[in-house]
Structures are given as structure tokens and as C-alpha cells.
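Structure, as C-alpha cells:
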Amino acid sequence: MYDFDSLIDEVLRSRPEITREEIMSLIQEKKQTVGAGFLTDQGALFLIAGELGVQLRHMTATDLTLKDLYVGANDITIVARVLGVYPVSEYKKKDGGTGRYRRVVLFDQSNLSKLTIWDDNPEAVKLDGISVNSPVRVLNAYVRQGLDGKPTLNLGRKGKIELLGDEKLVSLLVPLSKLSKKVDEISEFQDLAAVEGLALTDSRSSDFTRQDGSPGSLTQFELGGEKVKIRIVIWNAVEVEVKQGQKIIVTNLRLKKSMNGERELHGDSGSIVRAVDEERSPAAQKPVKVNQVKNSYQRYSVEVMALSSPTIRDVQLKDGSSVQKAELVFGDDTGEITVTGWRELVERLAEISVGEKVRIIGATSQISKTGVLTLQLEDGSRIEKVSG
């Protein structure tokens, strides 16, 4: 994702002798001369900047990601998806009264974080229209240290949580289905966004009374993979009913050991059980427009124009070795996207010149570490030159 005005400002800072009006005129001229169907205003600006010798940096969103959270932060905005929604709970205030709060678990491609909405913000507590997997923006939040020592988000009177309507931003957020693990893939004792498998038993529930006299409940069933099975335990489950033979996905879990040392997955009132969507299908190899590429970790084909020269650099790996990585910005009349290639795939991008029209076949959509939607060349990906 790029911000057009910020890119214009970069050109003006680097070439102060050129006016904004002159740049806009050059953009329209470029769009007319290179042919329709391959350039937006931003795409044309990439070409013009290259001709002027200006290196444009990629513009990332002003919204923070969950990995950016730190204790003490105030008035921040976060974009993420919802993993778990808890019922409204009560707590004892220091003055002796009773307060209310609601907890939400958020996730992105590599992080989980808890959000607590306090009762001085009754509208936010309602969470109207927000459920598991909903893309949301959390505004004017503050960060405090949680009981587990990790940063936790909080919403007070000034805060707001809303459904994210910007389709470009939504496409950058990994859906829950892409983070779920198969039962056979569970290997570490950690928080898990979701696990999917085949229900080997019906769920059965029981009620109990805690030591403090408060009521509690326990719902359990077995979930199977291809080779292993695991017991699912959900405490104080909300409307959870599982039937043997169902293919399901269970959210917001933590891997623990039972009294006899066996592994179990434990959830709570923020866990959801849903049927697995059987309609997941790979993207067709018919070329699509850039704005149709979604963060789905599927393969796409696009017909685009090269808007920058390839950037090739050595990347240091954890084992001390290094590999080459190439990046090149492409675009059509709907938007721009960065295509990357590693190792032997670097040569395929290195041969492409600015302004050249190509068809990229079978590249996988991914989110870069800077939060930008990219297409990554894989084994079997092809690049074909397009004439005209």
C-alpha cells in the first residue's frame, strides 16, 4: 500500500526545482504515452521518479500492528482481526463498587494481543457487528502491562473499536483460516489462534462450583488429525456443541499437559467452534488485476508493467549464511504491487527493465515484514513478456 501525497512530497523534497503542478502534468502525459491499462497516477509517478533520479521509499500504513505495542503507549491506533470475544464481566472497584469490562483477543499474521474495554465506554463494550475474524480498527487505545507481563491494549472513555471498511487494509490482514494448524502440526506449548480437525466424539458438558462459590462449566471432546488425536477442554464455553464426524475449527486455545502428562488444548469463554469452510479453493491462473490480489497465500497471475528497476541485495540468515533477494514494483491501471524473488529466482526479475510489460504467472500473495502486500515468485512461477 502506498500513499500518493507522501510519494509526491518525496519527489518535491529531492527535486525542489520542480513544482507539484509540473509533476501532475508529467503523470498525465506518462499515462497517455505508455498505453492505457497499465498505470495509475501512482504507477506513473514511480516511472517519473526513476527518470528524475529520485529513489522512492515504500509507504506503509499509519496504523500500528500488534508487534509495535509497548507498555506506556497512549492514543494509538491498531489494525487487526478478532480472534475471541468474551462475555461482559464484573470486577470490584477500589471504592467498593462493581465495574464491568469486556475482553477481546486480536491477531495478525504473527501476533496475538488482548484488548480490554472498560465500562466508561458503554458503546464500545457492545461490539455491535464485531465477531470472530472481523477486521477491526482500534482507535485511541492505551497500553499497560498485563498479569502475564505482556503489553495489553485498553479502551477507555475516548477509545473506539470499529469494523474496518478499507478493502485495501482488509486485504493485508491474514484471515483466521490461514493461521489455523492441523492437529498433527501442533508441536509447542504456546497460544494457538486456531486448530482444525475431525471431531472424534460428541462434546459433553458438566457444571461445577469453584472454591469461592462461583459456578463454572467444562466442555470437552476429542479432535483428530491424520495420525494423532488430542483432547479439547473449554472452560465456561458459550454455546459450544460438537457432533462426532464434524470437521471443525476451534479458536483461542493454549496447549497444556493433563495430570497424566498427555497434551491437551484448553480454551475458555472466548473460544469459538465452527465448521471448516469446504469452499477454500486456489486462485485461478487467469490473470487478475492488481487490486484483486488478496492476502490469501494463494497463487495469482497478473499482467503488469515494471515501474522500477530491480533492487537486489544479500539477506543474512539466522545460520550465518546469506542469500540474494530481488524486489521490483509492478503496476496496472488498478494499483501497484511489489514482486519478490529469492535465490535462483532473482535472475528472473533482474532481466526486467523499467516500462516493460510482463505477465507473471503463479506468484504467491504474502505480507512483507513491513506490512506491504507482495507477490512472491515460487518454484513453477513464470514471467512472460507482453508485446505492445
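Each value in this text was obtained by applying a stated rule to the coordinates, not by laboratory testing. In this text the structure is predicted, and so the values were computed from the model without any measurement. Glycine gets a Cβ as well: all are built from the backbone with ideal geometry, and neighbour counts include every protein chain shown.
In whole angstrom, note down how far apart the Cα centers of the stretch 180-222 and the stretch 301-363 are.
Going from one Cα centre to the other spans 44 Å.
Where does the charge balance sit around LEU115 when Lys and Arg score +1, Asp and Glu -1, over other residues with C-beta under 10 Å from its C-beta?
On the way: positive: ARG102, ARG103, LYS114; negative: none.
For residues surrounding LEU115, the net value is +3.
Give me the number: length gained by fully extending SER6 to MET24, i.e. 0.36 nm times residue separation minus the C-alpha to C-alpha distance, one decimal in nm. Display every interim value, and only then the final one.
Details: separation 18, 0.36 × 18 = 6.48 nm, distance 1.39 nm.
5.1 nm is the gain from fully extending SER6 to MET24.
Rounded to whole Å and ordered largest first, report the semi-axes of the equivalent ellipsoid of the stretch 180-275 derived from its Cα gyration tensor (root of 5λ).
On the way: eigenvalues 91, 46, 29 Å².
Values for the stretch 180-275, descending: 21, 15, 12 Å.
Separation between the ASP166 and ALA350 pseudo-spin-labels, each 7 Å from Cα along Cα→Cβ, expressed in nm?
Label-label distance for ASP166 and ALA350, simple model: 3.7 nm.
Using the crude model of +1 on Lys and Arg Cβ and -1 on Asp and Glu Cβ, and no other charge, please compute the dipole size for the chain relative to its Cα centre, in debye to 20. Show your work: numbers first, answer last.
Working: 53 positive and 56 negative charges, 217 e Å.
That gives a dipole near 1040 debye.
So, counting K/R as plus one and D/E as minus one, what does the shell of residues with Cβ under 14 Å around GLN292 add up to?
Once all neighbours under 14 Å are counted, the net charge is 0.
Where is the GNM fluctuation largest for the chain (alpha-carbon springs, 10 angstrom cutoff): VAL240, VAL82, VAL329?
Checking each option, the largest mean-square fluctuation is seen for VAL240.
Rg and Dmax in Å for the stretch 77-204, alpha carbons only: what are they?
16.3, 50
So, R0 is 25 Å and r is the distance between the beta-carbons of ARG210 and SER89; what FRET efficiency does that work out to, to 0.05? Don't jump to the answer; show the numbers that get you there.
Numbers: r = 15 Å, r/R0 = 0.58.
Efficiency computed from Cβ-Cβ geometry: 0.95.
Taking the Cβ of ARG15 as the centre, find all other residues whose Cβ is under 13 Å away and add up their charges (Lys, Arg: +1; Asp, Glu: -1).
-3
Distance check, please: which entries in LYS114/LYS160; LYS289/LYS357; LYS126/LYS178; LYS30/LYS357; LYS181/LYS229; LYS178/LYS247 exceed 19 angstrom between their Cα atoms? Spell out each step's value before the answer.
Numbers: LYS114/LYS160 15 Å; LYS289/LYS357 14 Å; LYS126/LYS178 28 Å; LYS30/LYS357 15 Å; LYS181/LYS229 13 Å; LYS178/LYS247 16 Å.
The pairs that break the limit, which is 19 Å between Cα atoms, are LYS126/LYS178.
Pick from ARG210, ARG274, ARG100: which residue has the top mean-square fluctuation in a GNM of the chain where Cα pairs under 10 Å get a spring?
ARG210
Any chance you could tell me what percent of the C-alpha pair distances in the chain go past 27 Å? Don't jump to the answer; show the numbers that get you there.
Details: 44756 of 75078 pairs.
Tail of the P(r) past 27 Å holds 60 percent of the pairs.
Under 10 Å, Cα contacts only: if you run a Gaussian network model on the chain, which one of LYS67, LYS92, LYS150 comes out with the highest mean-square fluctuation?
Looking only at LYS67, LYS92, LYS150, the biggest GNM fluctuation is shown by LYS92.
Kindly state, to the nearest 0.05, the FRET efficiency for ASP68 paired with LYS256, given R0 = 30 Å and r defined as their beta-carbon distance.
Numbers: r = 29 Å, r/R0 = 0.98.
After rounding to 0.05, the efficiency reads 0.55.
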